[in-house]
Amino acid sequence: VDHVILFPFVGPESLKRWITEHLDREIDVMVGGRMTHMGFERMISNLESSNIYAQAAKLGVTKFVLPPTEENYYELVHDHVTKYCDDPIFLSPGFGAQGCNHNTYTDVPIIGRSVVHSESPKDRVLYWADKLLKRKEEGDS
């Protein structure tokens, strides 16, 4: 195993143990703290879930999984994470199949069902590659 994505909703001790055990084994750790399932925020508030990211950053995590459609939430998490991590990387699933086509904060878009369920996966990969390259070029200029 080279990489792991953790959603440590069980509590701070579990979060710490999972993260430190993986980092000690030199496994690349990515942490998510927010889901877009209906009603999630009634169980775990945005502030509480943003603290998951902050605790992960304190432990040395630099890669964070965020919903691609919630810019205000991204700003909250970014503020928490950058207290402990100088150059965080944000990954977002949900491009394509979950309705996101663009945002300004995702460093690494995760594109799955949009490709796998298309009539031509190759064409869909080329479509997203072109779209993301244009986005990068616009951001670099």
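The values are calculated or read from the model by the stated rules, or taken from the named source; none is laboratory data. Here the structure is a predicted model, which is why all the values come from computation and not from measurement. Cβ coordinates were reconstructed from backbone atoms using ideal geometry, including for glycine residues, and neighbour counts include every protein chain displayed. Keep in mind that these areas ignore ligands, DNA and RNA; they rest on the heavy atoms of the full protein, side chains included. Shrake-Rupley method; radii C 1.70, N 1.55, O 1.52, S 1.80 Å.
Tally time: how many residues in region 37-58 are more than 16 Å from S14 (Cα to Cα) and exposed (fewer than 14 other Cβ atoms within 10 Å of the Cβ)?
Total meeting the criteria: 7.
Inspect all residues belonging to region 79-88 and state whether any of them is surrounded by fewer than 19 Cβ atoms within 10 Å (Cβ to Cβ) and in a helix (DSSP H, G or I).
For region 79-88, residues surrounded by fewer than 19 Cβ atoms within 10 Å (Cβ to Cβ) and in a helix (DSSP H, G or I): present.
If you go through region 41-49 one residue at a time, do you hit one that is among the β-branched types (V, I, T) and more than 21 Å from N103 (Cα to Cα)? Working first, answer last.
Going residue by residue through region 41-49, those that are among the β-branched types (V, I, T) are 44.
Of the ones still in play, those that are also more than 21 Å from N103 (Cα to Cα) are 44.
Scanning region 41-49, I find at least one residue that is among the β-branched types (V, I, T) and more than 21 Å from N103 (Cα to Cα), so the answer is yes.
Out of (1) open to solvent by less than 50 Å² (accessible area, probe 1.4 Å); (2) in contact with a Gly (Cβ under 8 Å, 6 or more places away or on another chain); (3) in a loop (DSSP other than H, G, I, E, B); (4) of a type outside the set (S, T, Y), the odd one out for V61 is which?
With (1) open to solvent by less than 50 Å² (accessible area, probe 1.4 Å); (2) in contact with a Gly (Cβ under 8 Å, 6 or more places away or on another chain); (3) in a loop (DSSP other than H, G, I, E, B); (4) of a type outside the set (S, T, Y) applied to V61, the lone miss is (2).
Looking at region 95-111, which of the residues that are in contact with a helix residue (DSSP H, G or I) (Cβ under 6 Å, 6 or more places away or on another chain) and over 20 Å from E75 (Cα atoms) is modelled with the highest pLDDT? Working first, answer last.
Kept after step one, since they are in contact with a helix residue (DSSP H, G or I) (Cβ under 6 Å, 6 or more places away or on another chain), are these residues of region 95-111: 96-97, 105, 111.
Still in the list and also over 20 Å from E75 (Cα atoms): 96-97, 111.
Numbers: G96: 74, A97: 70, I111: 81.
It comes out as I111.
With respect to L132, determine if the residue is under 24 Å from F9 (Cα atoms), of a type outside the set (V, I, T) and outside any loop (DSSP other than H, G, I, E, B).
Working: under 24 Å from F9 (Cα atoms): no; of a type outside the set (V, I, T): yes; outside any loop (DSSP other than H, G, I, E, B): yes.
Judged against the criteria, L132 is not a match.
Restricting attention to region 92-115, which residues are open to solvent by 30 Å² or more (accessible area, probe 1.4 Å) and in a loop (DSSP other than H, G, I, E, B)?
A97, Q98, G99, N101, H102, T104, D107, I111, G112
If you scan region 1-36, which residues turn out to be open to solvent by 70 Å² or more (accessible area, probe 1.4 Å) and in a loop (DSSP other than H, G, I, E, B)? Walk me through how you get there before you give the answer.
To start, the set of residues in region 1-36 that are open to solvent by 70 Å² or more (accessible area, probe 1.4 Å) comprises 1-3, 5, 7, 9-10, 12-13, 16-18, 24-26, 36.
Within region 1-36, V1, D2, F7, F9, V10, R25, E26, T36 qualify.
Give me the residue from region 64-75 that is farther than 21 Å from D2 by Cβ and touching a residue at least 12 places away in the same chain (Cβ under 8 Å) and, out of that set, surrounded by the fewest Cβ atoms within 10 Å (Cβ to Cβ).
Applying the first criterion (farther than 21 Å from D2 by Cβ) to region 64-75 yields 66-75.
Then drop every residue that is not touching a residue at least 12 places away in the same chain (Cβ under 8 Å), which leaves 66-71, 73-74.
Details: L66: 26, P67: 20, P68: 24, T69: 16, E70: 18, E71: 13, Y73: 17, Y74: 22.
For region 64-75, the residue satisfying everything is E71.
Show the residue pairs that are 6+ apart or on different chains and have beta-carbon atoms under 9 Å apart, the first residue being within region 119-141 and under 16 Å from G96 (Cβ atoms) and at pLDDT below 75, the second being open to solvent by 100 Å² or more (accessible area, probe 1.4 Å) and outside any helix (DSSP H, G or I).
Matching pairs, first to second residue: R135/H102.
Give the residue, chosen from F95, F7, that is in contact with a strand residue (DSSP E or B) (Cβ under 7 Å, 6 or more places away or on another chain) and more than 30 Å from K134 (Cβ to Cβ). Break it down stepwise before answering.
On the way: F95 fails: more than 30 Å from K134 (Cβ to Cβ).
Selected residue: F7, the only one of F95, F7 that is in contact with a strand residue (DSSP E or B) (Cβ under 7 Å, 6 or more places away or on another chain) and more than 30 Å from K134 (Cβ to Cβ).
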